[in-house]
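Data first, discussion second: the structure below is written as structure tokens.
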Amino acid sequence: MIVRVILHSLFTTAFLFSTLLAANQLAAQEATTCLYNDEHFHIQDFKAEGPPIADVMKMMDTHVCRSTMMSLALTVAHDPLIDRDFAPVYYTQTDGQVMYYNAIQDVLVAHKYLELSEQDRTRVDPLMNAFNLKDARAGDYIKEMVRLYPDVWSGFGEIHFKKQEFSEKIAGGPPSLFSPSIDAIFDVIGEMKAAAVVHCDHDTPYNLALRSDPGAHMIFNGESAKPQYLAAFKAFLKRHPNVTMIWAHFMGNGRNVQPYPEHWKYLDELLADPDFKHVYIDMSWGPVVAPYIIDNPQHLKATADLIRKYPDRFLYGSDQGATADWDLVRRSYAAWDPLWKELGAEITRKVTKENYIRIFDQSRRNMRAWERAHPSNEALGTRASTRVP
């Protein structure tokens with residue numbers, strides 16, 4: 001009985017302390033001129049290159065309060081047999097299966113974080129992502145990275161499942177939403193109780209346009225087109241309640257992947273379902289996604305109404321990459337200006353500041369707790385125990 005009381009007291013104290021820290025950090029942010037916390041920022045491109053981290057921090061000064069530090073998990077190779085002398089730097093610039101998971105992306109993120117002063121480290125949250133979703137042993141990679149770089153990682157992301165003109169260009173083919181490997185990987189992330197920024201298009205490109213195509217009657221056997229990946233990805237999310245999932249791009253929109261008229265209904269149903277209470281929605285890639293989401297008064301109202309109904313479930317992110325150019329980064333925030341005006345200052349603050357602090361502070365604490373519970377020689381699990389001395 002005494003032990004139970006002591007444990008309850010310790011838990012209560014820890015909870016109050018973490019709440020106080022979050023409140024203090026928010027108060028500090030309100031006292032500055034920074035606009036937002038950025039839940040979706042890539043510091044490297046598809047060649048594993050990016051500006052010096054000092055330049056990124058300077059760009060953040062007075063503009064961005066806190067930010068994730070994400071690489072891009074895959075690197076685009078230059079295969080002369082496919083592209084001759086043209087060396088692609090972006091996934092749309094080639095049609096070959098020339099993208100590969102590249103661990104140097106995570107290594108660079110960790111080293112850039114470690115270059116920072118203690119004060120600047122409090123302003124960023126490094127996320128890991130360069131593990132192969134088709135490899136059921138990739139959980140070992142995750143544990144190894146945590147062991148090699150303790151006290152670094154705050155979570156995971158951006159992790160790509162289905163993405164237009166992207167997934168099919170991964171060497172060996174795209175990851176499958178039905179593969180046991182993705183469950184094995186996210187079992188490890190769930191063991192760490194970490195947050196993960198996940199990207200899965202809700203549909204294939206141009207599928208929605210087939211609703212108005214006379215030939216679609218033959219294609220869909222008389223049925224109306226539906227989001228191709230929505231049900232499968234929801235089933236995946238449901239299987240991993242211990243991972244704080246942040247679904248990118250207002251639930252899987254993207255270039256040529258547009259919301260169906262029912263998209264707001266689908267999103268409302270997901271957020272209302274207790275089986276998805278661990279799922280959050282990011283408002284990122286504004287220049288591409290906002291024109292689908294707030295393009296007319298009806299869509300603007302529907303989007304604002306959803307956020308008002310679930311104000312703790314949305315986060316802002318720029319989805320800018322490998323840049324320290326504030327004028328470029330700010331465009332992502334400005335793309336949502338009509339929404340910020342419609343929401344008002346209080347709810348905008350939740351989306352752009354408060355929710356980030358709550359989610360990533362907790363994810364960081366959970367990862368540190370996992371590290372303490374799994375000393376370095378335990379982190380690799382059975383693999384470590386079978387090594388030859």
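Each reported figure results from applying straightforward, stated rules to the coordinates on display, with no laboratory input. Predicted model only: the values in this text are computed from it and were never measured. When we count neighbours, we look across all protein chains shown, and the Cβ atoms used for this are built from the backbone with ideal geometry, even at glycine.
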Worksheet item: Can you tell which of T352, M59, Y100 lies farthest toward the positive end of the dipole of the chain, using +1 and -1 charges on the Cβ of basic and acidic side chains (Lys, Arg; Asp, Glu)?
Response: T352
Item to complete: Could you point to the residue in H42, V124, S212 farthest towards the positive end of segment 34-383's charge dipole, with +1 and -1 charges on the Cβ of Lys/Arg and Asp/Glu respectively?
Response: V124
Response to the item:
Sorted by chain and number, the residues with a modelled amide H under 5 Å from that of S318, at a separation of 5 or more or across chains, are E39, H40
Worksheet item: Restricting attention to the alpha-carbon atoms of segment 25-129, what are Rg (one decimal) and Dmax (integer), both in Å?
Response: 16.5, 56
Response to the item:
In order over segment 200-215: 3J(HN,Hα) from phi, Karplus 6.51/-1.76/1.60, θ = phi - 60°, whole Hz, x for each Gly or Pro, gives 9, 4, 7, 7, 7, x, 6, 4, 4, 4, 5, 4, 9, 8, x, x
Discussion item. Quick check on the exposure proxy: order W340, W247, W153, W326 from fewest to most C-beta atoms within 10 angstrom.
Written reply: W326, W340, W247, W153
Fill in: Highest average packing first - 59-66, 260-267, Cβ atoms within 10 Å
59-66, 260-267
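Taking only DSSP H segments of four or more residues, each worth -39500 (n - 2.57), what value at 222 nm results for the chain once the sum is divided by all its residues, to the nearest 500 deg cm²/dmol?
Mean residue ellipticity at 222 nm (helix-derived): -13000 deg cm²/dmol.
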Worksheet item: So which cysteines of the chain have no other cysteine's Cβ under 4.7 Å from theirs?
Response: C200
Worksheet, complete the sentence: Computed over the chain, the relative contact order (Cα-Cα under 8 Å, seq sep at least six) in percent reads 18 percent
Worksheet item: Structure shown: which of K234/K265; K162/K341; K162/K226; K47/K112; K134/K265 lie over 22 Å apart, alpha-carbon to alpha-carbon?
Response: K162/K341; K134/K265
Worksheet item: From the Cα gyration tensor of segment 276-324, with a ≥ b ≥ c the square roots of its eigenvalues, which class applies: rounded if a/c is under 1.5, or else prolate if a/b is larger than b/c, or else oblate?
Response: oblate
Worksheet, complete the sentence: Checked segment 110-230 against the a/c 1.5 cut and the a/b vs b/c comparison, axes a ≥ b ≥ c from its Cα gyration tensor; verdict prolate
Item to complete: Note down the magnitude of the dipole of the chain about its Cα centre, charges +1 on Lys and Arg C-beta and -1 on Asp and Glu C-beta and zero elsewhere, to the nearest 20 debye.
Response: 1000 debye
Worksheet item: Taking amide hydrogens as modeled 1.01 Å from N in the peptide plane, which residues meet the under 5 Å criterion relative to G157, leaving out close sequence neighbours?
Response: M128, N129, V197
Item to complete: Subtract the Cα-Cα distance of I219 and N242 from 0.36 nm times their separation in residues, and report this length gain in nm to one decimal.
Response: 4.4 nm
